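A short worksheet on the structure shown next.
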Ligand SMILES: [Zn+2]
C-alpha cells in the first residue's frame, strides 16, 4: 500500500499566488513604454499594429528618422511594422485611464 499524500490546501494556495503575480506583472508591462522603459504618462496607440508608446518618445523618434528620410520601425520588441507615422498614432485613452487609476 503506497501512502498517497492528499493534495494539500497549501499547494493550491501556492498556485493561486503565482497566478496573481503573473497577472500583476502582465498588467504592469502594458504600462511600460517600449522606448523609454518607463511607465507611460501620455500613451498613444499605433492604429496599425496596436502597440502603445509614450507620446513624447515616439514623436521624437519619428521626427529624427524623418530628417534622415528613414522609416520608423515599431519599437515594440517582436513587431515587424516598419513604417510608423505620426498619423498612425491615436491617444490611448483607455490605457491612460488605467494608468491614472493605478497611480491614485
Ligand atoms: Zn508594433
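Values for this structure:
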item: Which of 54, 39, 93 has the fewest Cβ neighbours within 10 Å, and the rest in rising order; result: 93, 39, 54
item: Distance-filtered residues of the stretch 42-59 - backbone nitrogen under 20 Å, label point 7 angstrom along residue 87 Cα→Cβ; result: 44-51, 58-59
item: Separation of the residue 42 and residue 73 label points, Cα + 7 Å toward Cβ, nm; result: 2.7 nm
item: Relative contact order of the stretch 22-102, pairs being alpha-carbon contacts under 8 Å that are 6 or more residues apart, as %; result: 31 percent
item: Residue-span extension gain [residue 95 to residue 49] - 0.36 nm each, minus C-alpha spacing; result: 15.0 nm
item: Estimated Rh, the stretch 22-102: Kirkwood, alpha-carbon pairs, angstrom; result: 12.9 Å
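Rule-based calculations on the coordinates, nothing more; no lab input. Remember, it's a predicted structure, so these values are computed and weren't measured experimentally. Cβ: placed from backbone, ideal geometry, glycine included. Neighbour counts: every protein chain shown.
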